[in-house]
Amino acid sequence: MTETTVKRRRGAALEEAILDAAWSELEARGYSDFTFQAVADRAGTSRAVLYRRWPTKASIASAAIVRHIRLNPVIVPDLGNFRDEMCLLLRRFSDRAPPKLLGLIFEMSQDMAAEGTSFMDDRFQDFPMKDVMERAIARGDIEKDRLTPRVVRLPFSLVMHEVVITVKQISDEAIAEILDQTFLPLVTGEGLPTRK
């Protein structure tokens, strides 16, 4: 008779399995029906193991979202100008974040606020916009001193708002409007009234 040895997962391997299970649950059920028990069952572990690492539903859900973003980066090549790169970045960002998944942000917002965290935390700042902006600054397409954190978040916020409110993918025309009428004037200074 042979014995089957079950290898116990520990450390990073266990954490990755749990966060993969949590992401799958978020995709399948959304945040309102997301439970520790369902994640534990899917990951083949116990709720106690989850609670030791993530004490709240929002903490494990946000950790799963961060891991998903890091494993699936949006890559934007050098296209020679900032506007074209931003159009591509926002298109790819929107394509990866359908209305159902963006709705998670709004579902989670109350719990995250109660915990004193938000999607503006450093954990969520893995957007590829950094590379796009560094190239644009080097080319002279935008002015670095205009890049406040709120201005940098603006195009993503407007895309997310559009997708969640309309409950459909944003059009290329709407992305162009967000850039041309709102974001680009702020980062280039062109088209803005001069201060007296």
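Summary of computed values
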quantity	calculated
Helices (runs of 4 or more DSSP H) within the range 120-196 that include 1 or more residues at pLDDT below 85 and over 19 Å from Leu101 (Cα atoms)	129-139
Cβ-Cβ under 9 Å pairs, at least 6 apart or on other chains, the range 155-168 side more than 20 Å from Met86 (Cα to Cα), far side in a helix (DSSP H, G or I) and basic (Lys, Arg)	Val167/Lys100
Flag if Asp145 is surrounded by 14 or more Cβ atoms within 10 Å (Cβ to Cβ) and over 22 Å from Ser118 (Cβ atoms)	no
So Phe93, is it assigned by TED's automatic domain parsing to the domain that holds Met160, closer than 30 Å to Glu173 by Cβ, buried (at least 18 other Cβ atoms within 10 Å of the Cβ) and at pLDDT 95 or above	no
Residues satisfying the stated conditions in the range 42-88, i.e. in a helix (DSSP H, G or I) and without any contact (Cβ under 8 Å) to a residue 12 or more places away in the chain	Arg47, Ala48, Arg52, Leu71, Asp84
In the range 152-180, the residues that are surrounded by fewer than 13 Cβ atoms within 10 Å (Cβ to Cβ) and over 22 Å from Leu104 (Cα atoms)	Asp172, Glu173
Residue match in the range 53-61 (condition: of a type in the set (Phe, Trp, Tyr) and closer than 28 Å to Glu173 by Cβ)	no
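The values are calculated or read from the model by the stated rules, or taken from the named source; none is laboratory data. What you see is a predicted model; the values in this text were computed from it and never measured. Positions of Cβ are backbone-derived with ideal geometry, glycine not excepted, and every protein chain shown enters the neighbour counts.
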